[in-house]
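Heads up, the thing below is written out as C-alpha cells.
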Amino acid sequence: EDATAKAVDEAADAEGSESINKKIYLAGRLFNNRAELAAHVKKIQDSVATDEDGTKGELSNEDNLFIFHLLLHHPKAVEKMVKPISHFRYGIYDKFKNKCFISVGADGSQEGVSAAKSINVIYPQDGAGKSESSTGLVAEPKDKPQKEKKRAREEEKPHEPRAFEPQVMIPGCVMDINGLPSNTQYWRLKELLAGFGKVRFLQFLKQDAPAEPAKKKAKTQKAEAEEGAEEEEQEGDEEEEEEEERPMSARARFADPE
C-alpha cells in the first residue's frame, strides 16, 4: 500500500475555505497554497519508476533538491539529518512495508521521510501541524513579526537633549549673591547685573567673623600674656589677610515692573 501517496492525496483533498494561502519557494519553485504543493509532490511520486525495474525508485537531481528542501520543514528534520545524506528515493521502506520517500545516507543507511508531515507544517489545515512539536530547520513565518517589532525598538532614536534655557530675572525681586571674590568692584558688579534688569540698588553684605580655631581657644590667658606684643601684632596681620581673601556677598534690588 502506498501510504505516503494516500496521505498526500488527502492533503490535496483537504483544500477548503479554511486553507491557508501564502507564497513559499521550495528549490526555486513558487507555491501559493497547500493544493499546489501537494499536487507537485504527487507528480514526483507518479513519475518515479517502480523498484522492480532496477532503478530502486531513485529521483532526478531536480527532484532530489526539492525533497531535500521540503524535508527542512519536517517537524523532526533535526533527528533525521544526523548523518550525511547521499540522495533520496521513492519506494517501499522495509521498516513500515509501504511506499514513501526515503533518505539514503552516504553509508547506505535509510530513513523514511513523510512528505505529508512537511506539508502540514508549511500549510496547517484544520489544526493539522499546529499540535506538532516542530523542531524543523526552517523558522516558522509567525516568528517574523516578532523580530521586526524587536528591531523597531532597537532602532528607536534617543531623546534629544533638552535645550538650555537661561533663567529670566523677574523685575522687582531681591537677589543675594554669595561667593564673590574679595576684590570685586561695585560698579563692575552693577554693570553685569544690569543685563538682567534695572538695578535699583546694590550693596555688599558684611561678613561675619570666622569662628576662632580650636587651638586658639585652648590657649590659657597666661600663655597669651607671655607671647608678647610682637606676636599679637603678627596675628593681627594674619587675620587681616584672611579677611581680605574671604569671599564676599552682595544683595541687589531690581526695579519693579512698569
With (1) surrounded by fewer than 16 Cβ atoms within 10 Å (Cβ to Cβ); (2) over 18 Å from ALA27 (Cα atoms); (3) at pLDDT 65 or above; (4) not aromatic (Phe, Trp, Tyr) as the list, and PRO75 as the residue in question, which single condition is left unmet? (1)
Kindly provide the set of residues from region 72-125 that are outside any strand (DSSP E or B) and among the hydroxyl-bearing types (Ser, Thr, Tyr), ordered by number. SER109, SER114, SER118, TYR123
Looking at region 122-142, can you tell me whether even one residue there is hydrophobic (A, V, I, L, M, F, W, C) and modelled with pLDDT of 65 or more? yes
Boolean, ASP256 is at pLDDT 55 or above, in contact with a Lys or Arg (Cβ under 7 Å, 6 or more places away or on another chain), of a type in the set (D, E, K, R) and not in a helix (DSSP H, G or I): no
Considering each residue of region 63-114, count those that are over 41 Å from the mean Cα position of the chain (by Cα) and of a type in the set (Val, Ile, Thr), and give that number. 3
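The values are calculated or read from the model by the stated rules, or taken from the named source; none is laboratory data. Predicted model only: the values in this text are computed from it and were never measured. Reconstructed Cβ throughout: ideal geometry from the backbone, glycine too, with neighbour counts over all protein chains shown.
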